[in-house]
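Heads up: the structure comes next, in structure tokens.
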Amino acid sequence: MSATSDAPLALIGHSPQAARAFREVGVVALSVPGDDLGPVLEACRTLRFTGALVHPSREVAVAGAVDLDPDARRVGRVDAVAFTGGAVGGGAHGTYSLADALMDALEESGYAARGASALFLGGGADLARALPLVRLGFEHVGVAADSLPDAERFARDLPASLRAFAVSRRDPALLSLAERADLIVLTGGSLPAGLLQPYHTLADLTGQGTTGTSGAAHLNLSSLPTLRLSRQLLHATGQRYRPEDLAELVGMLD
């Protein structure tokens, strides 16, 4: 880890045990209440906390109490907050670090995304969390959601230069769309039977998907939790932490 500041880090909704785990590695962290967020955030800023990490159970609530960056606004969630401007006239700025962490994980895996085709398969807000992966240079992207209007709504958020196709998960055309994809990104729900083929690579963000007997490759995203925590800490503290040093802390924050 890099050198740390003496300014404390707030843990919103996390346990006191998590705070102790941070302090054991030299990060001054304090667990703060996850309710009545306006006064809590104002107190953190007044007391010159550097930032805050947010438990998943409080991500939506915190999003309604801070200024949001584009990734946080897209999903309506915040997992890290930075306090700026000191005790007077400052602000609280929230991000949702999963998007950047996903890109880090995909790049670390060595997968060649540029020029490839991808199919994003999900159910709702989980799709919005993964769609920033299109920044990696995919040429064609398919979006499959529970309904065609949902899929079309997410497809409209993609860059205009990208060839995008939207389909309902229940539409028989999903299988033909999958046939044109190199990478299948499962963000929610389950994989339809027969969708995976031997030439596919599966990026499973649910922890439940398997390649089964399809012969498809499985993208290794085991580093995603530590990469995400590293991104959260960078936003909340301004300090860079090596993901490999954060494995034990990730376990305490789950």
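The values are calculated or read from the model by the stated rules, or taken from the named source; none is laboratory data. This structure is a prediction, so every number in the text was calculated from the model and none was measured. Cβ placement follows ideal geometry from the backbone for every residue including glycine, while neighbour counts extend to all protein chains displayed. Just the protein is used for accessible areas: all its heavy atoms, side chains included, with ligands, DNA and RNA removed. Shrake-Rupley method; radii C 1.70, N 1.55, O 1.52, S 1.80 Å.
Computed across region 1-82, the Kirkwood hydrodynamic radius from all distinct Cα-Cα pairs reaches 12.9 Å.
Applying the criteria of a DSSP loop state and at most 13 other Cβ atoms within 10 Å to the trypsin sites (Lys or Arg not before Pro) of region 39-84 yields R48. Normalising the average separation of contacting C-alpha pairs (under 8 angstrom, six or more residues apart) by the number of residues puts the relative contact order of region 85-164 at 27 percent. Here the chain is treated as a Stokes sphere of Kirkwood radius computed over C-alpha pairs; at 37 °C and 0.692 mPa s its diffusion coefficient rounds to 171 µm²/s.
Projected label points at D67 and R20, each 7 Å from Cα along the beta carbon direction, are separated by 3.8 nanometres. Applied to region 37-52, the Karplus parametrisation 6.51 cos²θ - 1.76 cosθ + 1.60 on θ = phi - 60° returns per-residue 3J(HN,Hα) values of 5, x, x, 5, 5, 5, 5, 4, 5, 4, 7, 6, 5, 6, x, 8 Hz, with x for Gly and Pro. As a fraction of the 1.4 Å probe accessible area of the chain, surface on carbon and sulfur atoms comes out at 51 percent.
Only Cα pairs under 8 Å and 6+ residues apart enter the sum, and on that basis the relative contact order of the chain stands at 18 percent.
Report the percentage of all Cα-Cα pairs in region 90-167 whose separation exceeds 16 Å, rounded to a whole percent. Roughly 51 percent, rounded to a whole number. Most simply put, the chain has about 20% antiparallel DSSP beta bridges, counting only bridges with both residues inside it. Taking θ as phi - 60° and the Karplus parameters 6.51, -1.76 and 1.60, the scalar couplings of region 221-229 work out to 10, 5, 7, 4, x, 6, 5, 5, 4 Hz in sequence order, x denoting glycine and proline. Quotient of the Cα radius of gyration of region 147-254 and 2.2 N^0.38 Å, N being its number of residues: 1.33.
For region 211-232, the residues whose amide N sits under 15 Å from a probe point set 7 Å from the Cα of R242 along the beta carbon direction are 227, 230.
Looking at region 84-185, the DSSP beta bridges with both ends there are about 5 percent antiparallel. Comparing Cα centroids, region 44-97 and region 138-210 end up 31 angstrom apart.
Computed with a 1.4 Å probe over protein heavy atoms only, the accessible surface of the chain comes to 46 Å² per residue. Sequence-ordered 3J(HN,Hα) estimates for region 27-36 from the Karplus curve with 6.51, -1.76 and 1.60 and θ = phi - 60° stand at 9, 6, 10, 10, 6, 10, x, x, 10, 6 Hz, glycine and proline given as x. The calculated FRET efficiency for the pair L148 and T206, based on their C-beta separation and a Förster distance of 25 Å, comes to about 0.70. Charge dipole (Cα centre; +1 on Lys/Arg Cβ, -1 on Asp/Glu Cβ; no other charges) of region 1-137 amounts to roughly 60 debye.
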